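**Student:** Can you keep this structure in mind? I'll have questions shortly.
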Amino acid sequence: MDKNPIIAYYDSVAGWYDTLRDDYSEEQQEDLQEAHEQISTLLAGHRVLELGCGTGAWSEVLAETAEYVLATDISVNMFDVARMHGDDLQNVEYRQIDALDLPDDLDSSGDGFSAVFMAGLWSRLTREQGDALLQSLKKRLGKDVLLVIFDDAYVEGESATIARTDLQGNTHEFKIDAEGIRHELVKNYPTDSSLRKRLDKVGREIKIARWEFYWVLTCRLK
């Protein structure tokens, strides 16, 4: 069976993925820094399940204020970089996990999670996958757990061109990996109304904030 194209892409670019931020505009850097500060404050003192940790950039941000972070990702290569970057983070553990197939022993410590965080993952999920993930989190973690979703906003002239929209309404883009191979990947840019409609099934106290380049949603699982 062919590897999931999203996993294949991120496995390929893991070695230089962090350097992409060097090409961000000053405005994008400012948005990201503000997001770092706000999310770090929001998750202070929490026991955080991080889904799709990538190379661990956000894991390091969360570790500054969170009580504990379990950083997870399905891409082997991205995960290896994350563990290397976070080698000296005392309150972060790393585990290779598929967010769409969470294991029964997810909380091996037995202390539970008070928050879930994902950055850049939601936009890579189809609508069906996103809804399944929300239901899984609600079932496994229980009510009142804080959910924080951070992702890209579409910026004309800055974001990748949308290649197509499928029959389910998911938009796709093309990305070039480290070997010059082109990958077609899901990349959704949801509106506030669509986010509220989908999250209302599992969450309450839904709040959405937007910068020019990013958006963040917070809610409590029902």
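The values are calculated or read from the model by the stated rules, or taken from the named source; none is laboratory data. Quick caveat, the model's predicted, so the values are computed rather than measured. All Cβ positions, even for glycine, are placed from backbone atoms using ideal geometry, and neighbour counts span all protein chains on display.
**Student:** Do you know which residues across segment 15-44 are within 25 Å of residue 157 (Cα to Cα) and surrounded by 14 or more Cβ atoms within 10 Å (Cβ to Cβ)?
**Tutor:** 17, 18, 24, 28, 30, 31, 32, 35, 36, listed by residue number.
**Student:** If you go through segment 136-147 one residue at a time, do you hit one that is under 20 Å from the mean Cα position of the chain (by Cα) and within 22 Å of residue 213 (Cα to Cα)?
**Tutor:** Checked against the condition, which is being under 20 Å from the mean Cα position of the chain (by Cα) and within 22 Å of residue 213 (Cα to Cα), segment 136-147 yields at least one hit.
**Student:** Being within 24 Å of residue 153 (Cα to Cα) and β-branched (Val, Ile, Thr) narrows it down to one residue among 116, 76, 92; which is it?
**Tutor:** Just one listed residue meets the conditions, 116.
**Student:** Being in contact with a strand residue (DSSP E or B) (Cβ under 8 Å, 6 or more places away or on another chain) and either surrounded by 13 or more Cβ atoms within 10 Å (Cβ to Cβ) or in contact (Cβ under 8 Å) with a residue 12 or more places away in the chain (or both) is the filter here; which residues of segment 167-186 pass it?
**Tutor:** Across segment 167-186, the qualifying residues are 170, 171, 172, 173, 174, 175, 177, 183, 184, 185, 186.
**Student:** Can we say residue 130 is crowded, with 17+ Cβ neighbours inside 10 Å and out of contact with any strand residue (DSSP E or B) (no Cβ under 7 Å at 6 or more places or on another chain)?
**Tutor:** Yes, satisfied.
**Student:** Show me the strands (runs of 3 or more DSSP E) found entirely inside segment 151-222 where at least 2 residues are at pLDDT 95 or above, over 19 Å from the mean Cα position of the chain (by Cα) and farther than 24 Å from residue 4 by Cβ.
**Tutor:** 203-210
**Student:** Right, something else. If we only count helices (runs of 4 or more DSSP H) wholly inside segment 1-101, which ones have 3 or more residues that are without any contact (Cβ under 8 Å) to a residue 40 or more places away in the chain and under 24 Å from residue 134 (Cα atoms)?
**Tutor:** 26-42, 57-63
**Student:** Just to be sure I understand the filter: pairs with C-beta atoms under 6 Å, separated by 6 or more residues or on different chains, first member in segment 137-148 and on the phi > 0 side of the Ramachandran plot, second member not in a helix (DSSP H, G or I). Which pairs pass?
**Tutor:** Between residues of segment 137-148 that are on the phi > 0 side of the Ramachandran plot and residues that are not in a helix (DSSP H, G or I), the close pairs are 144/220.
**Student:** Out of all the residues in segment 11-47, which are farther than 30 Å from residue 220 by Cα, in contact with a Ser or Thr (Cβ under 6 Å, 6 or more places away or on another chain) and not acidic (Asp, Glu)?
**Tutor:** 17
**Student:** Quick one: is residue 113 assigned to a loop (DSSP other than H, G, I, E, B), surrounded by 21 or more Cβ atoms within 10 Å (Cβ to Cβ) and either touching a His at 6+ places or on another chain (Cβ under 8 Å) or modelled with pLDDT of 95 or more (or both)?
**Tutor:** yes
**Student:** Among residues belonging to segment 193-222 that are of a type outside the set (A, V, I, L, M, F, W, C) and within 22 Å of residue 27 (Cα to Cα), point out the one that is surrounded by the most Cβ atoms within 10 Å (Cβ to Cβ).
**Tutor:** The extreme case among them is 214.
**Student:** Kindly evaluate residue 162 against the criterion of being surrounded by 14 or more Cβ atoms within 10 Å (Cβ to Cβ), touching a strand residue (DSSP E or B) at 6+ places or on another chain (Cβ under 6 Å), of a type outside the set (Asp, Glu) and farther than 21 Å from residue 52 by Cβ.
**Tutor:** yes
**Student:** Only one of (1) over 28 Å from residue 126 (Cα atoms); (2) of a type in the set (Asp, Glu); (3) under 17 Å from the mean Cα position of the chain (by Cα) fails for residue 101. Which number is that?
**Tutor:** (1)
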